[in-house]
Structure formats: C-alpha cells, structure tokens
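A short worksheet on the structure shown next.
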Amino acid sequence: MTAALGDARSVVNVGAGAGSYEPGDRDVVAVEPSSRMIAQRPATAAAAVQARAEGLPFPDGAFDVGMAVLTVHHWTDVTAGLAELRRVSRRQVIVTWDQAVFSRFWLVRDYLPEIAEHESRLACLDRIVEELRAAGETPTVAPLPVPSDCVDGFLGAYWRRPEAYLSERVRAGMSGVALLDQNVVADAVGRLRADLADGHWHRHHVGLLGRTELDLGYRLVST
C-alpha cells in the first residue's frame, strides 16, 4: 500500500470505516457514510467527512490519491462511485479481491461455500478493472498476500489460526459471514469445531502451518 501511494501527499480514503488502513505520514481526509463507524475512529485518526462515494463533496483533482480499501463492493452505484473517486484524485489505489482465488480459501471451500455464492454478485476485481478501463485508465493489479499474524479482522485474516472463526465476536466483524443465514453459519462452525477437536483440520492443512503468508485473492488495483 505504501509503495502504491508513492510520493502522494494528499489522500482521500473513501469508505474509510474506523481508519484501519490510513497512512500516518500523509495528509488524509476520510470519507465514511456511517455515523456509527465515524464514532469508532480513534482521536488520532484523520478528520472524517460523512458522505457517500457516489457524491464526494470535494472539487476536481483535490487529492493526489484516492484510496478505497475493501469497500467498493458496498457501494450503491459502483460506476458513479469510481467516477467520483477519479474526479477528485489524480491516481487511485483500490483494494479488492479476486473471487475465483478467494473461493478456494479453505473456510469458504470446505465450510461456507455460501460466501462465494453471495459474493459472486458483488463488484470485486473484475468489475473494478472493467470500469476503470472503460473510463480510459490502465490499471495494474498486484497480489496482497495475508500474513499469518494479521491483526485486522477481515474474513481471510485468520487463515492459519482457524480457532478464531469459532468466536462469534470475531465473525461479527466479517460482513461476508454476518450477512449469511446464521443457521448455515452455526452448522459450519460446528463442523469446524469438530474438525479442530479431532485433528482433521490440522492433518488436512498441514502445508499451511509453516507458512508466513498466503495469497487468498486480495488484490491491489492502482492507476
């Protein structure tokens, strides 16, 4: 992410949430539609403006870079949101995921394939690249491997720590799980708990245990 920002000094972070991904060495303005999420931002975080991606309250070219990290799939109008991001920033840095790769993640493949089914309807890598190319951009795409000790709470963060997915508190912070039928989730969690208890998970995924990072399909799209 730091490399993608390059020498940018001013950054707008659209769909900023609580500010987990904001660089501390740039002039950042956060945009977040949810007052609840804005209230969760630490006092040291960048100033936040309550607005939506589809209507950014800034003049043309106001920022060196426009960031959008794991948020585009939540936007009501992806075409309008990306157009606004391009309008207010000279370059764009977007984090999303490749659904084909992500569907092979063990949690999705073996326990919750419903996640892949649900996310097949979302605007992820292919749609974002298509929109940017249609607008005349030439986006580059780079993998973002997830470290084994990742401290953020997104869906793939605990790929080497499967016990974390047994926690209702942990799952509550993952929109991909929270939006599913919770009876389906409870059944999947029960099967995972049993597989951990009898050693099946560790035997089946022994190849993961020595790895320090894993490509789960998260991608950095830059223009």
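Derivation of every value follows stated rules applied to the coordinates shown; laboratory data play no part. Bear in mind that the values here come from a model prediction, so they are computed numbers and not experimental data. Here the Cβ positions follow ideal geometry from the backbone for every residue, glycine too, while neighbour counts run over all protein chains shown.
Expressed in nm to one decimal, what extension gain is obtained for the pair GLN40 and ALA80 from 0.36 nm per residue of sequence separation less their Cα-Cα distance?
Gain on stretching GLN40 to ALA80: 11.7 nm.
Phi angles of the range 100-116 translate, via the Karplus equation with coefficients 6.51, -1.76, 1.60 and θ = phi - 60°, into HN-Hα couplings of 5, 6, 5, 5, 8, 4, 4, 5, 6, 5, 9, 10, 10, x, 4, 4, 4 Hz per residue; Gly and Pro are given as x.
I'd like the orientation of helix 182-197 relative to the chain: the angle between its Cα long axis and the longest Cα principal axis, in ° from 0 to 90, rounded to 10. Value to nearest ten degrees: 60. Label positions at SER10 and GLN50, each projected 7 Å from the Cα along the C-beta direction, are separated by 2.5 nm.
Return the whole-Å distance between the Cα centroid of the range 1-72 and the Cα centroid of the range 146-220. Each part's Cα centre sits 28 Å from the other's. Given +1 at the Cβ of Lys and Arg, -1 at the Cβ of Asp and Glu and no other charges, the dipole of the range 89-199 around its Cα centre is 320 debye to the nearest 20.
The dipole here belongs to the range 1-97: it is taken about the Cα centre, uses +1 on the Cβ of Lys and Arg and -1 on the Cβ of Asp and Glu, and is about 60 debye.
The angle between the Cα long axis of helix 125-134 and the main principal axis of the chain comes to about 20°, on a 0 to 90 degree scale.
Of the residues LEU107, SER222, ILE128, the one whose Cα sits farthest towards the positive end of the charge dipole of the range 87-223 is SER222 (charges of +1 on Lys and Arg Cβ, -1 on Asp and Glu Cβ, taken about the Cα centre).
With the contact rule set at Cα under 8 Å and sequence spacing of 6 or more, what percent relative contact order holds for the range 1-97? Please report the intermediate quantities before stating the final value.
Details: 186 pairs, mean separation 28.2, N = 97.
Value for the range 1-97: 29 percent.
Along the Cα-to-C-beta direction of ASP27, a point sits 7 Å from the Cα; which residues of the range 48-67 have their amide N less than 12 Å from that point? Those under the cut-off are 62-65. For VAL49, the amide hydrogen comes within under 5 Å of the amide hydrogens of ALA30, VAL31, GLU32, counting only partners 5 or more places away or on other chains and with H modelled in the peptide plane. For the range 1-97, the square roots of the Cα gyration tensor eigenvalues, ordered a ≥ b ≥ c, give a/c below 1.5, which places it in the rounded category. Taking 0.36 nm per residue of sequence separation and removing the Cα-Cα distance, the GLU117/MET1 pair yields an extension gain of 38.9 nm.
The angle between the Cα long axis of helix 78-88 and the main principal axis of the chain comes to about 50°, on a 0 to 90 degree scale. Think of each Lys and Arg Cβ as +1 and each Asp and Glu Cβ as -1; about the Cα centre, that makes the dipole of the chain roughly 200 debye. Here the Karplus curve 6.51 cos²θ - 1.76 cosθ + 1.60, taken at θ = phi - 60°, turns the phi angles of the range 145-156 into couplings of x, 9, x, 5, 9, 3, 9, 6, x, 6, 4, x Hz, with x standing for Gly and Pro.
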